[in-house]
Protein chains: 2
Amino acid sequence: MSKAPFTTVINLLRAQALVQDRFSGELGSVHGLALNEALLLMHLEKAPLRRLTRVDLAKRLHASPSTVTRMAMPMEKTGLVARQSDPRDARLAYVALTEAGLTLVGEVRKTLERRSAELFRDRWSDAEVASLGKLLGRITAGELGDLT
Amino acid sequence: MSKAPFTTVINLLRAQALVQDRFSGELGSVHGLALNEALLLMHLEKAPLRRLTRVDLAKRLHASPSTVTRMAMPMEKTGLVARQSDPRDARLAYVALTEAGLTLVGEVRKTLERRSAELFRDRWSDAEVASLGKLLGRITAGELGDLT
DNA sequence: GTGTAATACTTGCGTTCGCAAGCTTTAATG
DNA sequence: CATTAAAGCTTGCGAACGCAAGTATTACAC
């Protein structure tokens, strides 16, 4: 009987909920950012010119374009991100990482790395963590937007 | 270099987003349920008298009690769930699975099992799926509410 | 070129959710 | 008992989100 896939999926959902709970708090209180906003900045950091269009961002964040538009608005006001247009294609409105945003995303990354390490600090060997990361990576293998 | 925990966490977030996208559609169109509603029913199915208080459900769903109250309302209208009170403690308002709810949750479970199997159908060995499930289970080891 | 389709973005609307406040009921303290 | 604390639930409010519709711009077909 092969209910292993089902068990795996359920465990995935539960693990993600736990991680999100653990991380959202500190991310908000320390950096003033929601988890989704942090991911948005990290995607920009990895992008070619540190900028992405709204639809590209939406795909990477598994969100709708309207959500990205609304997420970018307050981050533009606080100067983490700037709006850029493309001279070649007037439809495009890039979300570009500013210097302030670049600085912040570095700190955010450090926070996430520290919290991630804490998550596996007890009862986990390095090999187990690496193995889990590799297996999870295979689920999203075809997708774009690697943040590591 | 010990960025493995960070990579693992990022991959976990991405994998969950993909799974949620994949499952929400069919779950909604076939059974008329959101993923959270399906999880709620499955928690009730596993509970001692097939019923749980709202705060217990909230903990298991990683949601707030008010969210559970609001989730239960339409499901009560459609007869999947019934409200029960406790003669010993008048504060308690159980969410109890009805016969219709029990029938539906069985079908929902089959759908989820089938979709889960599809998720790993290509490029995954049984051992790899089982290994991933086991590792993910360790993240939420201390929590209550096992759905398998 | 001209008309049609496709793409990128934004906005209105409804839904879902958490937080804080409030109500009711039970537990604990003296 | 009486009083205070705690627990469970609900409601008001605001924030975040997706969908559908609308606008503007580019690409394609002929």
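Tabulated data
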{"quantity": "Karplus-derived HN-Hα couplings along segment A:22-27 (A = 6.51, B = -1.76, C = 1.60, θ = phi - 60°), whole Hz, x at Gly and Pro", "calculated": "5, 8, 4, x, 5, 4"}
{"quantity": "Probe 1.4 Å, protein heavy atoms only - accessible area per residue of segment A:38-129 in square angstrom", "calculated": "56"}
{"quantity": "Shielding by partners, peptide A:135-145 (average Cβ within 10 angstrom, other chains)", "calculated": "6"}
{"quantity": "Cβ charges +1 (Lys, Arg) and -1 (Asp, Glu), total dipole of segment B:4-138, debye", "calculated": "340"}
{"quantity": "Restraint check, A:46/A:110; A:3/B:77; B:46/B:134; B:3/B:134; A:3/A:59, Cα-Cα greater than 24 Å", "calculated": "A:3/B:77; A:3/A:59"}
{"quantity": "Sulfur and carbon atoms: percent of accessible area, the protein assembly as shown [1.4 Å]", "calculated": "51"}
{"quantity": "Alpha-carbon centroid distance for the pair segment B:3-63 / segment A:29-92, whole angstrom", "calculated": "27"}
{"quantity": "Sequence-distant residues sharing a close amide H with residue B:93 (under 5 Å, placed H)", "calculated": "B:54"}
{"quantity": "For segment A:92-99, Karplus couplings with θ = phi - 60° (6.51, -1.76, 1.60), whole Hz, Gly/Pro x", "calculated": "7, 10, 5, 9, 10, 6, 8, 4"}
{"quantity": "On Cα atoms only, tilt of A:65-77 relative to the major axis of chain A in degrees", "calculated": "70"}
{"quantity": "Formal net charge of residues neighbouring residue A:49 (Cβ-Cβ distance under 13 Å; K, R +1; D, E -1)", "calculated": "0"}
{"quantity": "Total charge dipole magnitude, the protein assembly as shown, about the Cα centre, Cβ charges on Lys, Arg, Asp, Glu only, Debye to nearest 20", "calculated": "160"}
{"quantity": "Average beta-carbon neighbours from other chains, 10 Å sphere, peptide B:124-132", "calculated": "5"}
{"quantity": "Residue (of B:23, B:49, B:132) at the positive-pole extreme of segment B:4-138, dipole from beta-carbon charges", "calculated": "B:49"}
{"quantity": "Rg over Rh, two decimals, the protein assembly as shown (C-alpha only, Kirkwood Rh)", "calculated": "1.00"}
{"quantity": "Residue among B:74, B:40, A:108 farthest towards the positive dipole end of the protein assembly as shown, charges placed on Cβ", "calculated": "B:74"}
{"quantity": "Formal net charge of residues neighbouring residue B:77 (Cβ-Cβ distance under 13 Å; K, R +1; D, E -1)", "calculated": "0"}
{"quantity": "Magnitude of the charge dipole, segment B:75-147, Cβ model with Lys/Arg +1 and Asp/Glu -1, debye to 20", "calculated": "100"}
{"quantity": "Protein accessible surface hidden between A and B, which excludes ligands and nucleic acids, total in Å², probe 1.4 Å", "calculated": "5000"}
{"quantity": "For segment B:41-148, alpha-carbon Rg over 2.2 N^0.38 Å", "calculated": "1.26"}
{"quantity": "Phi to ³J(HN,Hα) by Karplus 6.51 cos²θ - 1.76 cosθ + 1.60 over segment A:111-125, Hz, x for Gly, Pro", "calculated": "4, 5, 5, 5, 5, 5, 4, 5, 4, 10, 4, 9, 6, 10, 8"}
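The values are calculated or read from the model by the stated rules, or taken from the named source; none is laboratory data. Quick caveat, the model's predicted, so the values are computed rather than measured. In this analysis, Cβ positions are derived from the backbone assuming ideal geometry, glycine residues included, and neighbour counts consider all displayed protein chains. The protein model used for the area step is the full one, side chains on, heavy atoms only, and it has no ligands, DNA or RNA in it. Shrake-Rupley method; radii C 1.70, N 1.55, O 1.52, S 1.80 Å.
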